[in-house]
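*Asks:* Just passing along the structure, written as structure tokens.
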Amino acid sequence: MSAYDQNNIFAKILRGEIPNDTVYEDDHVLAFNDIAPQAPIHILVIPKGAYVSIDDFGANASADEIKAFHAAIAKIIEQKNLKTDGFRVISNTGRHGGQEVPHYHAHILAGKKLGPMLSA
Ligand code: AMP
């Protein structure tokens, strides 16, 4: 795993250097609308700590951070009323996973039938 890059775009968002369309925030987590939505609802959930990926987060984050991250997703699902029709959570990781921003994030996608899990 590569070292955390302090200049990645989500680090800049967390430092307030780039604006974001915030959906949810607490001490450990920020969630905001994706700038290029792939579904009617497309929210990015990120930890405030410097973690590159889901495996970095799982291995190195504190229990409080890990709990807060999943609790935040649950709150957003509730807030956006996504339980009835469902949603998808994706975390692209590394080169094969197609990760563009090297700060751990979960995509919440919803608002229409999302189709097959993978295409080509
Ligand atoms: P990934 O390919 O999983 O790393 O996803 C990165 C996501 O970040 C993409 O869906 C981008 O559209 C999104 N993104 C990039 N820059 C911004 C930004 N400034 N504000 C909101 N979303 C962004």
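The values are calculated or read from the model by the stated rules, or taken from the named source; none is laboratory data. No experiment lies behind these values; they were computed from the predicted model shown. A quick note on method: Cβ atoms are made from the backbone with ideal geometry, for glycine too, and the neighbour counts reach across all protein chains shown. When the accessible area is computed, the model is the full protein with side chains, heavy atoms only, and any ligands, DNA or RNA have been set aside. Shrake-Rupley method; radii C 1.70, N 1.55, O 1.52, S 1.80 Å.
*Asks:* Obtain the nm distance between the two label points defined at D21 and I35 by a simple spin-label model: each point lies 7 Å from its Cα along the Cα-to-C-beta direction.
*Replies:* 1.3 nm
*Asks:* Another question about this same structure. Taking the simple approach of a point 7 Å from Cα along Cα-to-Cβ for both T84 and V101, what is their distance in nm?
*Replies:* 3.0 nm
*Asks:* For the chain, find the longest principal axis of its Cα atoms and tell me its angle to the long axis of helix 63-79, 0 to 90°, nearest 10.
*Replies:* It works out to around 30 degrees.
*Asks:* Once every DSSP H run of n ≥ 4 in the chain is given -39500 (n - 2.57) and the sum is divided by its residues, what mean residue ellipticity at 222 nm do you get, rounded to the nearest 500 deg cm²/dmol?
*Replies:* Calculated at 222 nm, the ellipticity per residue is -8000 deg cm²/dmol.
*Asks:* Residues of the stretch 1-49: accessible area per residue at 1.4 Å, in Å²?
*Replies:* On a per-residue basis, the stretch 1-49 sits at 56 Å².
*Asks:* Count the lysine pairs in the chain that are 8 or more places apart or on different chains: how many have C-alpha atoms under 19 angstrom apart?
*Replies:* Lysine pairs satisfying the spacing and distance rule in the chain number 9.
*Asks:* Report the longest stretch of the chain that contains none of the GluC sites (Glu not before Pro) sitting in a DSSP loop with at most 11 other Cβ atoms within 10 Å.
*Replies:* Longest gap between qualifying sites, sites excluded: 18-99.
*Asks:* Also: Quick one: Kirkwood hydrodynamic radius for the chain, alpha-carbon pairs, angstrom, one decimal?
*Replies:* 14.8 Å
*Asks:* Filter the chymotrypsin sites (Phe, Trp or Tyr not before Pro) in the stretch 1-84 to those in DSSP coil with at most 15 other Cβ atoms within 10 Å of their Cβ, and list the result.
*Replies:* Qualifying residues, ordered by number: none.
*Asks:* Could you please state how large a percent of the accessible area of the chain is carbon and sulfur, counting protein chains only and using a 1.4 Å probe?
*Replies:* Whole-percent figure for carbon plus sulfur exposure: 52.
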